[in-house]
Amino acid sequence: MPLPYVLLSAAVSLDGYLDDTGPERLLLSSPADFDRVDAVRASVDAILVGAGTIRADNPRLLVNSAERRAARTAAGRPEYPLKVTVTASGDLDPAARFWHTGGEKLVYTTDRGAERAARLLGRTADVVPLGPALDWRALLEHLHDERGVGRLMVEGGGTVHTQLLHHGLADELHLVLAPLFVGDPAAPRLFGPGGYQAGRLRLLDTRRIEDVVLMRYAPTAPGTGPLPVAADRHWLRTACELAALCPPSRTAFSVGAVVVAADGTELARGHSREGTDPVVHAEEAALAKTDPADPRLAGATVYSSLEPCARRASRPAPCAELILRAGVRRVVTAWREPDTFVAGADGTGVLRAGGAEVVVLPELEDLAKAPNAHLL
């Protein structure tokens, strides 16, 4: 199921503490950075914050700029993004400013917490129970499918950030580093203990904003099973973009492929009809650039904009077979192969019969089809 693009936003001190130190709160961001945060808020469909942060900080979470609010309404969007909070217990303060400023409010909670939250808030907010326990993937699917949220900004706190990263659901991290030391052992940290994904984050951008530094990171490590993670969407989008590099053809699809190790290291990439080979397939071209003895292939994921082929006339081995021979056991694709050139193509069936996990991300299907529009 498609999920919103999830952006985690936080400011930390040099010794790793969040900008929340209790009653005598220390603000780490600069005025210029607060304005940047306001611009990001104005760009998203919803803002999420944990119930603990509402209790500790009593935030309003508004778009403060009148010009930005006017631009939202001129574009046919609500003046303020949807405000969302998460609580397992339903223990919420109905007097908090969160509920009495801005636009619509939404509470995600457990079945047990829903009764309490509804009793405390009345008609102030919509309350959505997620079952006996909080389910972050179900929460994001509901936001996307039922509330039309395509882009979600998460402003904390540390528990929320930890859980989203732990489940591989954060697409991007905006981290502002302030030139201060807090030194208070009771102050909250940005992230807590957890089973984080392997690999280094990818640095997207750095920017100096007065005396603080903004760093934007994205995860790189692929998922490990049937459920996609944020990095899977990034790598598959890269494969779809590679497909646009293919020399045009009326007798073959344009496909891109990327091979990525479990720690997020890119091992190889390729696209159809690459170089001087007029019949090479994308997965074939990418795998040819890897070392067959590389132990990382066993834990790698192949991202292909189109389902790997199960049968072909131009080579003795189809791409699904090449992937299995390489030892790769996870494939992520955007689009099942149509019957345009091969009737009953079923690369997914070949891969699964060989013990590989196949994940399809239909939200990227249109991007994968774009360079093949003349064939469809």
Using a Förster distance of 30 Å, the FRET efficiency for residue 75-residue 123 (Cβ separation, nearest 0.05): 0.60
Cut-off under 5 Å, modelled amide H: who pairs with residue 213 long-range: 177
For residue 57, solvent-accessible area (1.4 Å; no DNA, RNA or ligand), Å²: 30 Å²
Computed magnitude of the charge dipole of the stretch 95-210 (debye, nearest 20; Cβ of K, R +1, Cβ of D, E -1): 220 debye
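Defining a contact as two alpha carbons under 8 Å apart and six or more residues distant in sequence, what relative contact order in percent does the stretch 87-202 show?
Values: 111 pairs, mean separation 23.3, N = 116.
Normalised by residue count, the contact order of the stretch 87-202 is 20 percent.
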Interchain or long-range residues, amide H under 5 Å from residue 309's placed H: 319, 320
Distant-in-sequence amide H partners of residue 329 (H built 1.01 Å from N, under 5 Å): 300
Positive-end extreme of charge dipole, the chain - chosen from 194, 370, 63 (charges on Cβ): 370
Pair residue 343, residue 186: separation of 7 Å Cα→Cβ label points (nm): 7.6 nm
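Quick one: net charge around residue 58, please, counting Lys, Arg +1 and Asp, Glu -1 for every other residue with C-beta under 9 Å from its C-beta. The partial results should precede the final answer.
Numbers: positive: 55, 60, 97; negative: 57, 93.
Taking every other residue near residue 58 into account, the sum is +1.
In debye, nearest 20: dipole of the stretch 253-376 around its Cα centre with unit charges on the Cβ of K, R (+) and D, E (-)?
Working: 13 positive and 17 negative charges, 51 e Å.
I would put it at about 240 debye.
In debye, nearest 20: dipole of the chain around its Cα centre with unit charges on the Cβ of K, R (+) and D, E (-)? Show your work: numbers first, answer last.
Working: 41 positive and 47 negative charges, 73 e Å.
My answer is approximately 360 debye.
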Within a Gaussian network of the chain (alpha carbon springs, distance under 10 Å), most fluctuating of 13, 272, 249: 249
For the stretch 57-72, Karplus couplings with θ = phi - 60° (6.51, -1.76, 1.60), whole Hz, Gly/Pro x: 10, 6, x, 9, 6, 10, 8, 7, 6, 5, 5, 5, 5, 5, 5, 5
Rounded percent of accessible protein surface that carbon and sulfur make up, the chain, 1.4 Å probe: 53 percent
Efficiency of FRET from Cβ geometry, residue 146 and residue 32, R₀ 35 Å, rounded to 0.05: 0.45
Residue (of 276, 219, 262) at the positive-pole extreme of the stretch 202-281, dipole from beta-carbon charges: 276
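Using a ≥ b ≥ c from the Cα gyration tensor of the stretch 229-293 (square roots of the eigenvalues), is it rounded, prolate or oblate, where a/c under 1.5 gives rounded and otherwise the larger of a/b and b/c decides, a/b for prolate? Could the numbers behind the result be given before it?
Values: a/c = 3.18, a/b = 1.43, b/c = 2.21.
It is oblate, given that a/c is not under 1.5 and a/b is not larger than b/c.
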Spacing of the two label points (7 Å from each Cα toward its C-beta) at residue 205 and residue 137, in nm: 3.0 nm
Phi to ³J(HN,Hα) by Karplus 6.51 cos²θ - 1.76 cosθ + 1.60 over the stretch 325-331, Hz, x for Gly, Pro: 4, 6, x, 6, 10, 8, 10
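May I ask you to give the solvent-accessible area per residue for the stretch 70-221, in square angstrom, as obtained with a 1.4 angstrom probe? Can you show the working numbers first?
Details: 7480 Å² over 152 residues.
Ligands and nucleic acids excluded, the figure is 49 Å² per residue.
Let me know the shape class of the stretch 1-134, please: from the alpha-carbon gyration tensor, a ≥ b ≥ c as square roots of the eigenvalues, rounded when a/c is under 1.5, otherwise prolate if a/b is greater than b/c, or oblate. Provide the component values of the computation, followed by the final result.
Numbers: a/c = 1.70, a/b = 1.21, b/c = 1.41.
Cα axes put the stretch 1-134 in the oblate bin.
Per residue of the chain, what 222 nm ellipticity follows from adding -39500 (n - 2.57) for every DSSP H run with n ≥ 4, rounded to the nearest 500?
Working: 11 runs with 101 residues, N = 376.
About -7500 deg cm²/dmol.
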Projected area averaged over orientations for the stretch 71-178, convex hull of C-alpha atoms, nm²: 8.2 nm²
Relative contact order of the chain, defined on C-alpha pairs under 8 angstrom at six or more residues apart (%): 14 percent
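The values are calculated or read from the model by the stated rules, or taken from the named source; none is laboratory data. In this text the structure is predicted, and so the values were computed from the model without any measurement. Because the Cβ atoms are built from the backbone with ideal geometry, glycine has one as well, and the counts that use them run over all protein chains shown. Just so you know, the surface numbers come from the protein's heavy atoms only, side chains and all, with ligands and any DNA or RNA stripped out. Shrake-Rupley method; radii C 1.70, N 1.55, O 1.52, S 1.80 Å.
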